[in-house]
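Reviewing the structure listed below.
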Amino acid sequence: KRAFATGFKQDDTLPMIMLKELVLPTGVPDAVLIYQSQIQLDRVIPRRTFSTIHIQVIAHLYDVGRATTDELATSLVIPRQSLQIILQELAKANLLELRKDKVYSRSLKKVFAAQRIIAIEAKLQNWRKALLQATANFWFASHSYVLLPPLRCLNLIVKEAKKLGVGVLIFDGKKMRLAAKPKRRRLPVSYGSWLIHESALPRLVQGITL
């Protein structure tokens, strides 16, 4: 708790919010930090909370760039009639463009407000389990860290973390230090990144940051 209270802000120019113990399909990370990009949030249309299938549709579309309605229905195994409703709702939110029977993604810079999504797994002793969980968090995160006390086997932990691309943060009860940098993955990594984004977007739009 003291470690999280110190904050993890890495760039004073970017607004950031912290979501704690967010329930995701791959687990419950201790903290997720979302750093806002330079997107003009005043142009983001207020939208309803989308269901998982809405987010899966938009994530798939941004992977492929464009598709016909039939191609999306086949790829995502969604009845065409249901898909049409979902696409109309996503189009109203300015997340995609509909042109006759074709669906197009928009520029990510106009719709995706997260520049970095950082996952943090904290453990007092079981660092191997922390590394496994941190690796799983790359499903949605651009950066993934473990947060540990100054354990005696720190050199081994750093060695194993680097193999996985996971960063290592050490908290001694007063100060935080970086023992290993994580690899960076390009956002959005998967529909998990969109799940995080949609959870954080209302607060970003309202200017509610940490």
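The values are calculated or read from the model by the stated rules, or taken from the named source; none is laboratory data. Source: prediction; values computed, not measured. FYI the Cβ positions are ideal-geometry reconstructions off the backbone, even for glycines, and counts take in every protein chain you see. The accessibility values were calculated without ligands, DNA or RNA, using every heavy atom of the protein model including side chains. Shrake-Rupley method; radii C 1.70, N 1.55, O 1.52, S 1.80 Å.
Values for this structure:
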{"item": "Restricting the stretch 75-126 to residues that are in a helix (DSSP H, G or I) and open to solvent by less than 20 Å² (accessible area, probe 1.4 Å), the residue that is modelled with the lowest pLDDT", "result": "VAL111"}
{"item": "Matching entry among LEU14, LEU19 (being modelled with pLDDT of 85 or more, surrounded by 14 or more Cβ atoms within 10 Å (Cβ to Cβ) and hydrophobic (A, V, I, L, M, F, W, C))", "result": "LEU19"}
{"item": "Qualifying residue in the stretch 58-70 (condition: modelled with pLDDT of 95 or more, open to solvent by 30 Å² or more (accessible area, probe 1.4 Å) and assigned to a strand (DSSP E or B))", "result": "yes"}
{"item": "Cross-chain or 6+ apart pairs with Cβ under 9 Å, the stretch 46-64 first and under 18 Å from GLU97 (Cβ atoms), then modelled with pLDDT of 95 or more and surrounded by fewer than 14 Cβ atoms within 10 Å (Cβ to Cβ)", "result": "LEU61/TYR104"}
{"item": "The stretch 180-203: number of residues that are without any contact (Cβ under 8 Å) to a residue 40 or more places away in the chain and either open to solvent by less than 30 Å² (accessible area, probe 1.4 Å) or of a type in the set (Val, Ile, Thr) (or both)", "result": "2"}
{"item": "Complete set of residues in the stretch 67-125 that are on the phi < 0 side of the Ramachandran plot and among the β-branched types (Val, Ile, Thr)", "result": "THR68, THR69, THR74, ILE78, ILE85, ILE86, VAL103, VAL111, ILE117, ILE118, ILE120"}
{"item": "Failed item, numbered, when PHE138 is tested on (1) among the aromatic types (Phe, Trp, Tyr); (2) out of contact with any Lys or Arg (no Cβ under 8 Å at 6 or more places or on another chain); (3) in a helix (DSSP H, G or I)", "result": "(2)"}
